[in-house]
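**Student:** After the structure tokens below, expect a handful of questions from me.
The values are calculated or read from the model by the stated rules, or taken from the named source; none is laboratory data. Bear in mind that the values here come from a model prediction, so they are computed numbers and not experimental data. Note: ideal-geometry Cβ built from the backbone for every residue, glycine included; neighbour counts use all protein chains shown.
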Amino acid sequence: MPKYEYVSKKEYQPVREELEEIIKKVQCLVRDEFTFQFKLVGSGGKHLITREVGGNKGFDFDYNLILNCDEDYYLYPDFAKKTLMKAFNEAVKGTKYDYPEDSTTAITIKVKDKNHSKIIHSCDFAIIYYPDLEDDEESYFKYVRHDKQRDKYTWEIRNCSKNYDRKIEWLKTNVDGYWEEIKDEYIKVKDANNNPNKHSFQLYYEAVNNVYNRN
């Protein structure tokens, strides 16, 4: 089983700043078609950035690109994905990043070593939108998924995680040192995970549940 370690802010902060400069270039490139906001999510959004000790995949970031469009645009997930792919292709020029990859649920860019045998760091950009819901309650969002076998793009539903936010608030109020306990638990959960299809945000939720249940 692989072991994980935390990446220091000194190491990951310049990477985050460069990524957000790339995103801002993309915003300019697509603004005649649509606009979007961006949000750092996943482990990066929680300052829990990890990498495998001695591994060759480095560390990664996850951003949501939140579309601001007329409803008609949401009928065409392939248009959103292909427009943004083209813009990222232009925006990474002159940087250390390879050209973007059309991943199943994201656009992925990577920085590799000079032999292209090791990933130094990478970033996934998920394309999402929030449906119009009553009382502005964001209980779920939709994201672009690319079925590569059929070469078909669809909008898929993912539920939001408000229940976990409530658990964090409870721990913050009632448990001294709750965040260090979550950090320790998150590393343990990552070290013990044997499901390669589990995302970091799922492991984070598992760690929060474990700490909450213990307390």
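**Student:** For the stretch 35-58, which positions are of a type outside the set (S, T, N, Q) and surrounded by fewer than 16 Cβ atoms within 10 Å (Cβ to Cβ)?
**Tutor:** Residues of the stretch 35-58 that are of a type outside the set (S, T, N, Q), as a first pass: 36, 38-42, 44-49, 51-55, 57-58.
Across the stretch 35-58, the qualifying residues are 39, 47, 52, 53, 54, 55, 57.
**Student:** Check 34, 38, 61 and return the single one that is within 21 Å of residue 187 (Cα to Cα), assigned by TED's automatic domain parsing to the domain that holds residue 147 and touching a Leu at 6+ places or on another chain (Cβ under 7 Å).
**Tutor:** Numbers: 34 fails: within 21 Å of residue 187 (Cα to Cα); 38 fails: within 21 Å of residue 187 (Cα to Cα).
Of 34, 38, 61, the one residue that is within 21 Å of residue 187 (Cα to Cα), assigned by TED's automatic domain parsing to the domain that holds residue 147 and touching a Leu at 6+ places or on another chain (Cβ under 7 Å) is 61.
**Student:** Please go through the stretch 171-215 and give me each residue that is within 20 Å of residue 139 (Cβ to Cβ), of a type in the set (Phe, Trp, Tyr) and out of contact with any strand residue (DSSP E or B) (no Cβ under 8 Å at 6 or more places or on another chain), ordered by number.
**Tutor:** In the first step, residues of the stretch 171-215 are kept if they are within 20 Å of residue 139 (Cβ to Cβ); the result is 199, 201-202, 204-205, 208-209.
From what is left, the residues that are of a type in the set (Phe, Trp, Tyr) are 201, 204-205.
Across the stretch 171-215, the qualifying residues are 204, 205.
**Student:** Is it the case that the stretch 34-49 has a residue that's over 25 Å from residue 155 (Cα atoms) and over 12 Å from the mean Cα position of the chain (by Cα)?
**Tutor:** Going residue by residue through the stretch 34-49, those that are over 25 Å from residue 155 (Cα atoms) are 46-49.
Going one step further and asking which of them are over 12 Å from the mean Cα position of the chain (by Cα), we end up with 47-48.
Yes, because at least one residue in the stretch 34-49 is over 25 Å from residue 155 (Cα atoms) and over 12 Å from the mean Cα position of the chain (by Cα).
**Student:** Just to confirm my filter: which strands (runs of 3 or more DSSP E) fall fully inside the stretch 26-94 and include at least 2 residues that are of a type in the set (S, T, N, Q)?
**Tutor:** 35-41, 59-68
**Student:** In addition: Looking at (1) in contact with a helix residue (DSSP H, G or I) (Cβ under 8 Å, 6 or more places away or on another chain); (2) at pLDDT below 90, can you tell me which one residue 131 breaks?
**Tutor:** Just one mismatch for residue 131, condition (1).
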